Amino acid sequence: MRTVGDLAPTRRELLKFGGLGLALAAADVPWRAHAFSTHAKATPRGNARNVLYFEISGAISHVEGFDFKETAGTPKDLDIRKIKPDLYLSHRLFPRLEKQIDKFAILRSMLSHEEVHFRGQYYVQTGRQLNVAFAREIPAIGSVIASELEARRRDVDTFPLYMSFNLDKAFPGALSTGFLHPRHSVVDINPEAAVKGMALDEKAVELLDQRWRLLSELRSAERGRVAQLGREMAGYENFYDTARRLLTDSRWPRAFQITDEDRARYGGTNVGISSILARNVLREDAGTHYIHICHPGWDHHVQIWDHKAATNHYKLCDEFDPAFTSLIEDLAAAPSKTTPGKSILDETLVVAMGEFGRTPGALNNMAGRDHYNKCFPVMFAGAGVKAGAILGRTDGDGLKCLETGWHRKEQPRMENVVAAMYSALGIDWTKEIRNTPSGRAYPLVDPLGPNGFIPTDEIASIYG
């Protein structure tokens with residue numbers, strides 16, 4: 001006789017497929033009802049149903065990327081072309097993105113607090129500096145969004161509100177929900193494992209439902225005792241609940257089916273598959289509204305332009321260009337399921353950036369470029385973004401910011417990108433959570449920079 005175990009993936013297999021960001025959420029810290037207060041006036045735009053954050057992880061060289069500067073370290077084979085006034089791109093590196101670049105607003109004046117990868121990528125995931133005294137209670141941006149948007153969930157929504165692809169490859173991994181409930185955790189997907197599929201036949205669904213009813217009765221009978229086991233049990237119960245809903249929803253396996261044609265067009269790489277799956281998840285419109293794609297490997301301190309090196313800027317651009325460009329093309333072509341006449345790109349704010357830039361000028365003594373946080377670009381698309389806008393300006397070497405590109409004299413930072421994402425989703429980014437486990441107020445966007453207070457405005461200039 002067949003059992004569910006014969007037909008459905010085991011918990012271990014599910015974790016291989018995609019895990020929850022529970023490592024820190026399992027810390028023994030109680031959660032409570034959250035009292036929000038607003039300390040400043042803000043009018044969230046609410047112009048997007050989704051945000052897709054594409055992390056160019058390891059830090060792409062900005063001076064050979066989206067703020068091109070010819071320097072002593074620039075190779076001669078990049079085939080640089082003038083795309084529009086004050087915008088040059090390498091046709092060798094970005095042949096397909098070049099044709100879609102008018103869909104983007106490019107802000108070239110970003111400043112980061114951080115200049116090492118772990119801290120920089122933590123900053124990207126949380127929107128704030130790493131403070132080890134409070135790190136385990138700090139939620140990821142996606143978990144905050146999941147918490148804020150939970151009330152908007154429809155009965156038909158079964159997909160996790162926050163999903164990521166390849167975040168296990170980032171230096172900090174997929175971060176946790178902090179003091180927020182574990183149900184707001186990320187489901188981080190291993191793209192290669194995911195495409196193997198997880199469909200259940202009718203018999204398997206019947207068996208799963210039968211076992212689920214039995215498990216539910218046991219959980220109800222033991223609820224008082226189980227409640228004493230704390231966050232760990234709550235996290236696993238949420239994992240099981242999520243897995244059960246997904247395994248019985250026909251949209252879930254459909255989202256992880258890809259064609260050979262798509263695989264080839266997106267580049268056939270890990271980031272290409274991640275981008276296909278992100279597109280599919282948004283197409284299904286099943287409850288996911290924040291997606292984080294991590295494209296790792298851009299840390300080229302050594303032999304950045306050596307064609308024979310195991311990894312180099314050419315290789316990573318050859319992965320990025322088809323994956324990211326195909327994603328933008330397909331989101332622009334896919335009709336919205338909720339708003340007639342709009343595309344998924346029209347209702348999705350896309351953000352693409354690294355955690356910082358790389359040193360301009362001559363290459364270092366290992367023929368590479370090191371970390372540089374004084375200025376670097378971020379690209380925005382979709383959701384009413386002013387397509388074709390080139391914002392901010394750096395000097396001829398890409399060393400200094402000359403124009404900030406928004407209404408502040410201070411350079412924009414990750415906090416302002418976070419405010420823009422929250423605003424697009426209709427979230428008041430000026431909120432504070434006052435009753436955290438540590439008793440320390442948690443503002444959704446932290447105004448305290450490394451040297452004092454910083455602006456926490458959204459980057460309104462991307463909308464013109």
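Points worth noting:
- Residues within the stretch 115-167 that are among the charged types (D, E, K, R), in contact (Cβ under 8 Å) with a residue 12 or more places away in the chain and assigned to a loop (DSSP other than H, G, I, E, B), tallied: 5
- Scanning the stretch 188-195 turns up at least one residue that is part of a loop (DSSP other than H, G, I, E, B) and either surrounded by 24 or more Cβ atoms within 10 Å (Cβ to Cβ) or of a type in the set (Val, Ile, Thr) (or both).
- Of all residues in the stretch 183-201, those that are within 21 Å of Glu150 (Cα to Cα) have Cβ atoms under 7 Å from Cβ atoms of residues that are of a type in the set (A, V, I, L, M) and at pLDDT below 70, 6 or more apart or on another chain, in Ser185/Leu20; Ser185/Leu22; Ser185/Ala25; Val186/Leu20; Val187/Leu20.
- Screening Gly426 with (1) over 23 Å from Asn131 (Cβ atoms); (2) touching a Leu at 6+ places or on another chain (Cβ under 8 Å); (3) outside any helix (DSSP H, G or I); (4) not hydrophobic (A, V, I, L, M, F, W, C) gives one miss only, at (2).
- When Ser112, Ser90, Ser61, Ser57 are screened for being touching a residue at least 12 places away in the same chain (Cβ under 8 Å), under 16 Å from Thr325 (Cβ atoms) and among the small types (Gly, Ala, Ser), only Ser90 passes.
- Given (1) modelled with pLDDT under 95; (2) within 29 Å of Leu425 (Cβ to Cβ), number of the condition Ala310 does not satisfy: (2)
- Residue tally, condition among the basic types (Lys, Arg) and more than 19 Å from Thr325 (Cβ to Cβ), over the stretch 260-289: 0
- Entirely in the stretch 238-313, the helices (runs of 4 or more DSSP H) that have 3 or more residues that are touching a residue at least 40 places away in the same chain (Cβ under 8 Å), crowded, with 24+ Cβ neighbours inside 10 Å and hydrophobic (A, V, I, L, M, F, W, C): 270-284
- Residue list for the stretch 75-95, filter: surrounded by 21 or more Cβ atoms within 10 Å (Cβ to Cβ) and in a loop (DSSP other than H, G, I, E, B): Leu78, Leu93, Phe94
- Candidate set from the stretch 362-387 (those that are assigned to a loop (DSSP other than H, G, I, E, B) and in contact with a Leu (Cβ under 9 Å, 6 or more places away or on another chain)); member that is surrounded by the most Cβ atoms within 10 Å (Cβ to Cβ): Arg369
- Against the conditions (1) part of a helix (DSSP H, G or I); (2) without any contact (Cβ under 8 Å) to a residue 60 or more places away in the chain; (3) buried (at least 22 other Cβ atoms within 10 Å of the Cβ), Glu98 satisfies every one except (3).
- Residue among Ala48, Ala105, Ala72 that is touching a residue at least 60 places away in the same chain (Cβ under 8 Å), within 19 Å of the chain's Cα centre (by Cα) and assigned to a loop (DSSP other than H, G, I, E, B): Ala48
- Of all residues in the stretch 335-358, none are touching a residue at least 40 places away in the same chain (Cβ under 8 Å), surrounded by fewer than 20 Cβ atoms within 10 Å (Cβ to Cβ) and of a type in the set (A, V, I, L, M).
- Condition met for Gly173 (under 17 Å from Ser57 (Cα atoms), in a loop (DSSP other than H, G, I, E, B), in contact (Cβ under 8 Å) with a residue 40 or more places away in the chain and not polar (S, T, N, Q)): yes
- Checking Arg413 against (1) more than 26 Å from the chain's Cα centre (by Cα); (2) under 29 Å from Ser147 (Cβ atoms), the condition it does not meet: (1)
- Check on Val156, farther than 22 Å from Ile273 by Cα, over 20 Å from the mean Cα position of the chain (by Cα) and either surrounded by fewer than 17 Cβ atoms within 10 Å (Cβ to Cβ) or modelled with pLDDT under 95 (or both): yes
The values are calculated or read from the model by the stated rules, or taken from the named source; none is laboratory data. Since we're looking at a predicted model, the values are computed, not measured. Counting neighbours? That spans all protein chains shown, and the Cβs are built from the backbone with ideal geometry, glycine included.
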